[in-house]
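Computed from the coordinates by the stated procedures, all read-outs in this text should not be read as laboratory data. For clarity, every value in this text was computed on a predicted model and none was experimentally measured. Cβ: placed from backbone, ideal geometry, glycine included. Neighbour counts: every protein chain shown.
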Amino acid sequence: MNTSTFDLKDKIVLVAGASAGIGEALSEQLAERGARVIAAARRTDKLDAMAKQFGDRIYPLALDVSDTASTASLIERLPEPWRDIHAAVVSAGHDAGGRAMFHEGSTDAWTDIIETNVNGTIRVCRAVIDLMRSRGSGHIVTLGSVSGIETYAGGTIYSASKFAVHAFTDSLCKDYKTEPIRVTEVLPGLTRTEFAQNRWGGDASKADSFYDAAPDTLEAGDVARTIIYALELPEHINIRQLVVTATGNK
Ligand SMILES: NC(=O)c1ccc[n+]([C@@H]2O[C@H](COP(=O)([O-])OP(=O)(O)OC[C@H]3O[C@@H](n4cnc5c(N)ncnc54)[C@H](OP(=O)(O)O)[C@@H]3O)[C@@H](O)[C@H]2O)c1
């Protein structure tokens, strides 16, 4: 039995949504472990700052997952030494303008949430799957949510988007059931990131009150750790779903 961990050193890992929160924490933890991280998001100034800190361990890549052309050209926009992507983690997602009673929601917000969380996740997976299949190895990790298995009032669109990510990832896993490609969905509970501030149009005090009112929250680094746990398991072990919450908010 192979009990050794999968060594991430020098492996290329794409993190979509690396400029903040879980994706940022994950990129840093991966770089600290010696992985080579393609840190992708729209805010390239934040990615450039990360690259400055970690040197050649981080390659910053402008990526808008809600844009088909941006995502489809992802690999061809990378320099040759960065193209052999071992793992792709899709952390790009948001609930901007989404926390509202259904009849109060804006159609633009709905479209953006679905376009980013659902279609964006699918686009990134499509961009890397051929490479993984032809190499005969790889690992795709999506960010679902506990909101993708349990709904809440005021979350019709976000929850629907995460139920879609849940179904997509589960089905994706079954598509490659017999191929040596791992597929994992990580489903975090409440995690203190830029997510809530973004949800409420940049209102930091509203976001802080929201997190402070919760009995307990995870930090971005906690979720990043669980993703690394899944990535580092020996290649014959595939975690399909990992629901992770703060101990004081189960
Ligand atoms: N925080 C929570 O409580 C929680 C709980 C469960 C699940 N999640 C999920 O975890 C994932 C990460 O969330 P987070 O909490 O880390 O939020 P965050 O701190 O707001 O970070 C979101 C990341 O997604 C990126 N992003 C958003 N739209 C994008 C787009 N169109 N193209 C590329 N990147 C995009 C952002 O980068 P740019 O703005 O620079 O593009 C940012 O890097 C999301 O899928 C979220 O739904 C979060």
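Observations on the structure shown:
- Sites listed here are GluC sites (Glu not before Pro) in segment 195-239 whose DSSP assignment is loop and whose Cβ has at most 15 other Cβ atoms within 10 Å: GLU235.
- Summed over qualifying helices (DSSP H, 4 residues or more, each -39500 (n - 2.57)) and divided by its residue number, the chain shows a 222 nm mean residue ellipticity of -12000 deg cm²/dmol.
- Separation of segment 119-195 and segment 10-63, taken as the distance between their Cα centroids, equals 20 angstrom.
- Aspartates and glutamates whose Cα lies under 13 Å from that of LYS206, excluding same-chain neighbours fewer than 8 positions away: GLU194
- Measuring r between the beta carbons of SER134 and LYS9 and using R0 = 25 Å, the FRET efficiency lands at 0.60.
- Hydrodynamic radius (Kirkwood) for the chain, which is based on Cα pairs only, to one decimal in Å: 18.2 Å
- As a rough guide to protection, the peptides 141-153, 10-22 ranked by mean Cβ packing within 10 Å, highest first, stand as 10-22, 141-153.
- Volume per residue for segment 92-221 equals 113 cubic angstrom (convex hull of Cα atoms).
- Inter-site label distance for ALA72 and TYR229 at 7 Å from Cα along Cβ, in nm: 3.9 nm
- Paramagnetic label zone (point 7 Å from Cα along Cα-to-C-beta, ASP56; backbone N under 18 Å) in segment 66-82: 78-82
- Applying the criteria of a DSSP loop state and at most 12 other Cβ atoms within 10 Å to the trypsin sites (Lys or Arg not before Pro) of segment 162-225 yields LYS177.
- Residue-wise HN-Hα coupling along segment 189-206, computed from phi with Karplus coefficients 6.51, -1.76, 1.60 (Hz; x: Gly, Pro): x, 4, 10, 7, 9, 6, 3, 5, 4, 5, 4, 9, x, x, 7, 5, 6, 5
- Label-point gap, in nm, between SER106 and ASP170 - each point 7 angstrom along Cα→Cβ: 3.3 nm
- Each residue of segment 233-242 was assigned a 3J(HN,Hα) from its phi angle through the Karplus curve 6.51 cos²θ - 1.76 cosθ + 1.60 (θ = phi - 60°); the sequence is 5, x, 4, 7, 10, 10, 8, 6, 9, 9 Hz, with glycine and proline shown as x.
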